[in-house]
Amino acid sequence: MEKKSWKESASELQRIVLPEDTNAFNSLYGGRLVEWIDNVASIVAIKHCRRRTVTGSIDSLFFLSPIRMGYIVYMSSRINFTTTSTMEIEVDVESEEGITGQRRVTTKAYLTYVAIDEEGKAISVPELILETDDDRKRFEEARIRSLGRKDLLNKIRKEIEEK
Ligand SMILES: CC(C)(COP(=O)(O)OP(=O)(O)OC[C@H]1O[C@@H](n2cnc3c(N)ncnc32)[C@H](O)[C@@H]1OP(=O)(O)O)[C@@H](O)C(=O)NCCC(=O)NCCS
C-alpha cells in the first residue's frame, strides 16, 4: 500500500453555536463539541485510508474555556500516526467571539479510528510519510500514546472476559 502524507487528508470544520447547541448556561454543550470533533476527525481517517472506518477510542478531553452561544468554532484536524489498522487523528479546537474577533484555544483531542472491511474486520491502512522534524515528533509522541491505549484496551477486554 502506498504511503501518504498527512496533508492529503487534513480537514477543517467550522460551526456557529446556535441555541440548540447550548446547555442551560448558554454555553456550548460538551456532547455537541464531541460530535463535531468526531465528525471532522472521521473525515481525516476516511481520506487517509479510503476505507470504512469506525471510531475506536477518544482520549480524555479537556474543555479549557466555555464557548458561548453565537461564537464561531474552528476545528482543524490531521493524522499523526498509524499502526497496522489504526490511525491517530488530532483535532485542535478554537473559538472566536464573532463581534470582536477574539480567538482562544479551547480543546485538543486525540481520536483513534480503525479501518474495517465489509464484515467489520480490521484491515490495514497506508503508512504515513514523515517529511519534517514536526511530522517525526508528532509520530513519536503518538506512538507512545498508542502504547498506553493498547494497554488500557487489553485491560478492559480482560476485565470483561473475567466477568
Ligand atoms: C474497533 C473494532 C473494529 C476492532 O475490531 P477487532 O476485531 O477487535 O480488532 P483487533 O483486535 O484485531 O484490532 C485491530 C487494531 O485495532 C486496535 N483496536 C481495536 N479496538 C480498538 C479500540 N476500541 N480503540 C482503539 N484501537 C482499537 C487494535 O489495537 C489493533 O491495532 P493494530 O493495528 O496496532 O494491531 C471493533 O471493536 C468495533 O467494531 N468496535 C465498535 C466501533 C464503533 O462502533 N464505533 C463507533 C462508536 S459507537
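The values are calculated or read from the model by the stated rules, or taken from the named source; none is laboratory data. Just so it is clear, the model here is predicted, and its values are computed rather than measured. With ideal geometry, Cβ positions are generated from the backbone for all residues, glycine too; neighbour counts draw on all protein chains shown.
Of the conditions (1) closer than 20 Å to S146 by Cα; (2) buried (at least 16 other Cβ atoms within 10 Å of the Cβ), I129 fails just one. Which one is it?
The failed condition is (2).
Residue-wise test of (1) out of contact with any strand residue (DSSP E or B) (no Cβ under 8 Å at 6 or more places or on another chain); (2) within 30 Å of P66 (Cβ to Cβ).
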{"position": "V91", "(1), (2)": "no, yes"}
{"position": "G98", "(1), (2)": "no, yes"}
{"position": "T106", "(1), (2)": "no, yes"}
{"position": "E119", "(1), (2)": "yes, no"}
{"position": "I123", "(1), (2)": "no, no"}
{"position": "T132", "(1), (2)": "yes, no"}
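Looking at M1, M87, M69, can you tell me which residue is touching a Pro at 6+ places or on another chain (Cβ under 9 Å) and within 16 Å of the ligand (Cβ to nearest atom)?
After ruling out the rest, the residue left standing is M1.
In region 107-126, which residues are buried (at least 21 other Cβ atoms within 10 Å of the Cβ) and away from the ligand (no atom under 12 Å from the Cβ)?
If the condition is that a residue be buried (at least 21 other Cβ atoms within 10 Å of the Cβ) and away from the ligand (no atom under 12 Å from the Cβ), then T107, A109 are the ones that fit.
Please work out which one of (1) among the aliphatic types (A, V, I, L, M); (2) surrounded by 15 or more Cβ atoms within 10 Å (Cβ to Cβ); (3) more than 15 Å from E94 (Cα to Cα) is the condition L28 fails and give its number.
Exception for L28: condition (3).
Residue by residue through region 127-147, note down the ones that are more than 12 Å from the ligand (Cβ to nearest atom), under 18 Å from V44 (Cα atoms) and not in a helix (DSSP H, G or I).
Within region 127-147, L128, I129, L130 qualify.
I'm told I160 meets every condition in (1) modelled with pLDDT of 95 or more; (2) aliphatic (A, V, I, L, M); (3) within 30 Å of D21 (Cα to Cα) except one. Can you identify the failing condition by its number?
Checking I160 against (1) modelled with pLDDT of 95 or more; (2) aliphatic (A, V, I, L, M); (3) within 30 Å of D21 (Cα to Cα), the one that fails is (3).
Filter region 149-163 for residues that are within 11 Å of the ligand (Cβ to nearest atom), without any contact (Cβ under 8 Å) to a residue 60 or more places away in the chain and not acidic (D, E) and give the result.
Result: K150, L152, N154, I156, R157.
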